[in-house]
Amino acid sequence: MSAFSADWLALREPYDIAARNATVRDAAIARVAGLDPVAIVDLACGTGSSLRALAPRIAARQSWRLVDNDLSLLARAGGTARPDRAQVTPVPIDLARDLEAALDGAVDLVTTTALLDLVSEPWLERLAVECAARRLPLYAALSYDGRIAFEPQDRGDAAIIAAVNAHQHGDKGFGPSLGPAAATAALSRFAAVGYDVTHETADWVMGPHDREMQNALLAGWAGAAREFGAPHLDEIIAWLTRRRELVAAGRSSIRVGHVDLFAQPTGSGVR
Ligand SMILES: C[S@@+](CC[C@H](N)C(=O)[O-])C[C@H]1O[C@@H](n2cnc3c(N)ncnc32)[C@H](O)[C@@H]1O
């Protein structure tokens with residue numbers, strides 16, 4: 001399964017929904033309370049997960065600008081089930097190049113899900129500056145933060161996790177990715193432009209019955225370790241074999257750390 005395939009996004013979405021931090025989500029929704037209609041831009045929308053997570057919880061009429069550079073995902077996002085009060089406009093934009101175009105015009109709230117760990121420090125800085133210049137609040141959900149916990153543990157886990165987290169810094173089209181450092185970097189970048197930032201953990205939790213998700217993650221992590229070049233291929237294969245046997249036996253649980261954040265402009269301006 002490729003990193004942004006519709007199949008992978010569909011597999012992970014229930015875990016994203018369960019993981020989303022209610023305090024952070026509700027802070028974002030409270031920010032637009034009283035507006036009718038509400039104009040929302042979702043950056044890197046995929047098939048529309050932010051829309052599905054938020055639209056039913058906003059009582060007002062909403063206009064959603066759904067932005068992605070993948071036309072196939074955008075087509076699915078445009079057709080997603082939603083409340084009648086939510087209007088949707090899919091917009092193909094390469095955010096690495098044309099972030100500003102995505103944010104221009106009438107916007108009350110910027111949302112994004114599972115994007116910040118893919119972007120570079122300079123792009124994050126650009127996002128903070130462009131949001132601040134427009135005084136736009138940002139709700140950024142599900143940034144991977146580097147924590148992977150297995151139960152039961154295996155002697156190969158630590159080396160694989162280290163390789164996965166190093167591999168996460170590869171270039172995903174925005175320059176070298178922040179990977180697990182994304183949430184911490186976002187907190188400081190948005191604080192630096194005078195924003196008040198709320199953040200909480202939003203972890204994926206997989207129990208013994210979540211075999212498909214666990215196996216997809218294990219395969220992805222083994223592949224990342226192979227591309228990274230460590231540990232040795234024999235050790236990666238042996239680790240994957242042992243972990244898959246635990247999944248098949250219904251004895252495996254995995255927690256994957258994420259952070260949700262909501263950043264809103266205060267009156268104080270740039271620090
Ligand atoms: C991990 S997926 C998350 C999708 C969706 N937000 C979700 O949570 O299901 C990352 C998304 O970023 C999009 N993306 C990657 N690079 C992009 C770029 N340069 N411009 C616009 N979208 C991009 C991908 O097409 C994909 O939809």
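Read-outs throughout are calculated quantities, based only on the coordinates presented, and are distinct from any laboratory measurement. Everything numeric in this text was worked out from a predicted model, so none of it was measured. Cβ placement follows ideal geometry from the backbone for every residue including glycine, while neighbour counts extend to all protein chains displayed.
Some notes on this structure:
- Each label was represented as a point 7 Å from its Cα along the Cα-to-Cβ direction; for residue 216 and residue 97 these points are 3.0 nm apart.
- Fewest-first ranking of 38, 88, using other Cβ atoms within 10 Å as the exposure measure: 88, 38
- Taking amide H as placed 1.01 Å from N in the peptide plane, residue 175 has no amide H partner under 5 Å among residues 5 or more places away or on another chain.
- Global geometry of segment 27-129, whether rounded, prolate or oblate, following the gyration tensor of its Cα atoms and the 1.5 cut on a/c: oblate
- Crossing angle, helix 182-192 versus the chain [Cα axis fit, 0-90 degrees, rounded to tens]: 30 degrees
- Residue among 117, 68, 26 with the largest mean-square fluctuation in a Gaussian network model of the chain, springs linking Cα atoms under 10 Å: 26
- Ordering 131, 45 by the number of other Cβ atoms within 10 Å of each residue's own Cβ, fewest first, gives 131, 45.
- For the chain, the mean residue ellipticity at 222 nm estimated from helices alone is -13500 deg cm²/dmol, where every DSSP H run of n ≥ 4 contributes -39500 (n - 2.57) and the total is divided by all residues, rounded to the nearest 500.
- Cα gyration tensor category, rounded, prolate or oblate, for segment 193-235 with a/c compared to 1.5: oblate
- log₁₀ of I(q)/I(0) at q = 0.11, 0.14, 0.23 Å⁻¹ - segment 168-271, Debye sum with one point per alpha carbon: -0.52, -0.74, -1.18
- Between helix 211-228 and the chain there is an angle of about 80 degrees, using the helix long axis and the longest principal axis of the Cα atoms.
- At full extension, residue 201 and residue 57 could sit 49.8 nm farther apart than now, given 0.36 nm per residue minus the alpha carbon distance.
- Just checking the listed ones, 152, 180, 37: in the Gaussian network model of the chain with Cα springs under 10 Å, the one fluctuating most is 152.
- Between helix 157-167 and the chain: long-axis angle, C-alpha atoms, 0 to 90°, nearest 10: 40 degrees
- Taking segment 83-213 and dividing mean pair separation by its residue count, relative contact order in percent (alpha carbons under 8 Å, at least six apart): 28 percent
- Relative contact order of the chain, pairs being alpha-carbon contacts under 8 Å that are 6 or more residues apart, as %: 22 percent
- Across segment 210-271, Cα pairs under 8 Å and at least six residues apart give a relative contact order of 34 percent.
- GNM top mover of 40, 148, 237 - the chain, alpha-carbon springs below 10 Å: 237
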